[in-house]
Amino acid sequence: MKAITFEGPYAVKVSDVPDPRIEGPLDALVRITTTNICGSDLHMYEGRTSVEQGKVLGHENMGIVEEVGAGVERIRVGDRVSVPFNIACGTCRNCSAGWTSFCLRTNPLEGIDGAAYGYANMGPYQGGQAEMLRVPYADFNLLELPPGTDHELDFTMLSDIFPTGWHGCALAGVEAGDRVAVFGAGPVGLLAAHSAMLLGASTVWVVDKEKDRLALAQKIGAETVDIASEDPVEHILDATGGRGVDRGVEAVGYQAHDPTGEEHPEMVLDNLVKVVRATGGIGVVGVYVPEDPGAQSELAKQGRIAFDFGMLFTRGQAVGTGQTPVKRYNRVLRDLIVSGRARPSFLVSHELTLEEAPRAYERFDKREDGWTKVVLHPAA
Ligand SMILES: NC(=O)c1ccc[n+]([C@@H]2O[C@H](COP(=O)([O-])OP(=O)(O)OC[C@H]3O[C@@H](n4cnc5c(N)ncnc54)[C@H](O)[C@@H]3O)[C@@H](O)[C@H]2O)c1
Ligand SMILES: [Zn+2]
Ligand SMILES: [Zn+2]
């Protein structure tokens, strides 16, 4: 089959790879109808992870079940499904507690709990930027969707970024009436803003420097702050009478940079400590890594981020972090889509074929104007 493989920094290509097959009785094969390129893929694309050459990328997948193993009882051939990016066993201690992003059994790599498709350090699983995907523990992992093709562009956000935006709000403790600051207006930040509004936030600020992304944030009713022209801390403190917001979401990650492009991995964390009120909450869903050989400072190379922890303590703020347990939220978010309350497809900018993916990686990576979210249709 055709698939997008990682070949080295700034190099992905359309490759012919072996068709996946049922390897165990609990597996299913899903024929991919839609698969997205994610900001997380860009960390690999830019050579900032140890992902191996030849890996099939793609962890934001949905499609139609093509075949199931002998032990699969709930999911049936022909079902339309969303595939959470986490690969979870469903029965370990963390899975049982709802933390499928920290499954204790699916990642054979020492010291890392949690597995995912097509991702560095997340286990030996191929991704879904391909015609077909093997899904382990299919009954547990797959989310069933209404048959047909309705809401395809909304449902395709259920595998990762809609739950991730929601998780950022959950970790921050967003409740009705809260004022919320979201740093990063990429797909995750935009859906964190959308989630905060669905949860009843009174005002949401979205901070970035990409004008097209900020325009989308405005379109869904957020206030925006452009770091290219103003200091986000001053802006948000001014707008809240000096008190700050109740909750903050970090949707940028370890490659946070200033408007000139110079990286400062502590920059957004510092800003959040300053704009969130004392005893408020901060949800960090932007990715930070234990080692980053490509970092600009010695400290950051070892994954050590020197942010304002003293002030965080003094202000009594709560911080939540980590990969999203997609399954915790995706059923509810699917139903919000079906009822018309949620419309995460608002950020889709491009629908392309697999053949067009290498060029799309390049342009999305440069955050070129208008390239907010790329979805691929392998069957097209
Ligand atoms: N926790 C999870 O499970 C999970 C899931 C998906 C993605 N992620 C991570 O979330 C982060 C965002 O993902 P995305 O797809 O939106 O990526 P993206 O790269 O498209 O968006 C990041 C945005 O942050 C902006 N930015 C950079 N520096 C900034 C700063 N100092 N202040 C404000 N904005 C700044 C960039 O301009 C960009 O628009 C990434 O780190 C990604 O790996 C985490
Ligand atoms: Zn993703
Ligand atoms: Zn598990």
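The values are calculated or read from the model by the stated rules, or taken from the named source; none is laboratory data. Keep in mind that this is a model prediction, so the values were computed, not measured. Cβ: placed from backbone, ideal geometry, glycine included. Neighbour counts: every protein chain shown.
Annotations for the structure displayed:
- Subset of the range 207-231 (residues that are farther than 23 Å from Lys366 by Cβ, in contact with a strand residue (DSSP E or B) (Cβ under 8 Å, 6 or more places away or on another chain) and touching a residue at least 40 places away in the same chain (Cβ under 8 Å)): Ala222
- Comparison of Gly294, Gly286, Gly322, Gly316 shows that the only residue that is more than 15 Å from ligand 1 (Cβ to nearest atom) and in contact (Cβ under 8 Å) with a residue 24 or more places away in the chain is Gly316.
- Selection count, the range 63-94, where residues are within 16 Å of ligand 1 (Cβ to nearest atom), touching a residue at least 40 places away in the same chain (Cβ under 8 Å) and not β-branched (Val, Ile, Thr): 5
- Taken over the range 81-99, residues that are more than 15 Å from ligand 2 (Cβ to nearest atom) and either under 20 Å from the mean Cα position of the chain (by Cα) or of a type outside the set (Lys, Arg) (or both) amount to 12.
- Residues being away from ligand 2 (no atom under 16 Å from the Cβ), under 22 Å from Glu67 (Cβ atoms) and crowded, with 24+ Cβ neighbours inside 10 Å are entirely absent from the range 159-170.
- Glu66 vs. criteria outside any strand (DSSP E or B), modelled with pLDDT of 95 or more, more than 30 Å from Pro293 (Cα to Cα) and more than 18 Å from the chain's Cα centre (by Cα): no
- If you filter the range 1-43 down to residues that are within 16 Å of ligand 2 (Cβ to nearest atom) and within 21 Å of Gly78 (Cβ to Cβ), you find that the one that is farthest from the chain's Cα centre (by Cα) is Ile32.
- Scan the range 1-47 for residues that are surrounded by fewer than 20 Cβ atoms within 10 Å (Cβ to Cβ) and in a loop (DSSP other than H, G, I, E, B) and the total you get is 13.
- Hits in the range 128-142 - residues which are in a strand (DSSP E or B) and more than 17 Å from Gly71 (Cα to Cα): Ala130, Met132, Leu133
- Selection status of Leu199, under 22 Å from the mean Cα position of the chain (by Cα) and under 18 Å from Ile282 (Cα atoms): yes
- Residue check, Val51 more than 16 Å from ligand 3 (Cβ to nearest atom), part of a loop (DSSP other than H, G, I, E, B), of a type outside the set (Phe, Trp, Tyr) and in contact with a Gly (Cβ under 9 Å, 6 or more places away or on another chain): yes
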